[in-house]
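Read the structure below first, then the notes.
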């Protein structure tokens, strides 16, 4: 074996990449002077792709496998210069390894509230957040459009751009969905699929895909949530007067049992004792019944809160119209636009129902006279 053959064998490259960072998307194989020798062995593992760059131009993309970089088994190399000269003329090229596995558990969220029109609450602002996964599907396009000459490209360098695209499409899909705010929690899976489909066309131009997108939470502003909690509490309490009396009695009992302030407890106990003594004195000796004093006039009970007026949607030939108020529904009955067989839906109702099966709407049809006899 000649000295030339020996030196040529010593300079044969073994090109491969293993990564344990979990966030590196692209890594450039570093070789002094970017000299890759004729006959180099290239190993591309599962979950990787290798992009071969020659003289600044993309020459080829390698899928998982073992390759010998020679002209006799790589037709693309026949157009490259000096590869048949071995060690005498080393070839200056670059190889970029691209991670094609999924990058999971990436976070997204709305930095500012999204304005939308709700059929029940009117204009509202909502926030949302969740997770998504992304992967490289076109290594060549991703390298030319995003990475460029970056020798080590990580997920953090593009996650901000992907999050902006998600928020933009989420706002557009949410505004056009027509789903009431109170029903969004039951439709997050469908919303996630709609947003993922809307994003796929945009990020495909970067050589990426979005396999999964999850919406973990959709929330209203704190002031609106507090108002809804108060409204719910009123429904749970029921009789407001009885609840006020019960709360006052509980507070008096807790104060009387408070051992940390003996003066207050003694004063309250004395007050309770004097009240009981006054009642006993009023009863007279040996249980004599005094004449009943006129009872003070009871304060009038506060009026109950006004009922919430429902708005209704109507299904006609597979299309949804609305929302309509009850007054508008009454006019539609008179004009013939709403019949007993029309399907209607409102927030909180379990599915679509015929108008005549909804108690609140059935009375609208009794206003019109029935058909005359013999008609």
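The values are calculated or read from the model by the stated rules, or taken from the named source; none is laboratory data. Note that the structure is a prediction, hence the values are computed from the model and not measured. So basically every Cβ, Gly included, is an ideal-geometry build from the backbone, and we count neighbours across all protein chains shown.
Is it the case that some residue within the range 89-97 is at pLDDT below 80, farther than 30 Å from residue 161 by Cβ and not in a strand (DSSP E or B)? Yes - at least one qualifying residue is present in the range 89-97. For the range 149-184, a residue qualifies if it is without any contact (Cβ under 8 Å) to a residue 60 or more places away in the chain, within 23 Å of residue 351 (Cα to Cα), out of contact with any helix residue (DSSP H, G or I) (no Cβ under 8 Å at 6 or more places or on another chain) and buried (at least 16 other Cβ atoms within 10 Å of the Cβ), but none of them does.
Among the residues of the range 148-163, are any under 30 Å from residue 30 (Cα atoms) and modelled with pLDDT under 85? Yes, the range 148-163 has at least one match. Checking 19, 5, 23 one by one, the residue that is at pLDDT 85 or above and loosely packed, with under 15 Cβ neighbours inside 10 Å is 23 and no other.
Scanning the range 333-350 for residues that are over 12 Å from residue 313 (Cβ atoms) and loosely packed, with under 15 Cβ neighbours inside 10 Å returns 334, 335, 336, 339, 340, 341, 348, 350. Considering every residue within the range 68-82, establish whether at least one is modelled with pLDDT under 65, touching a helix residue (DSSP H, G or I) at 6+ places or on another chain (Cβ under 6 Å) and more than 13 Å from residue 17 (Cα to Cα). The answer is yes; a qualifying residue exists.
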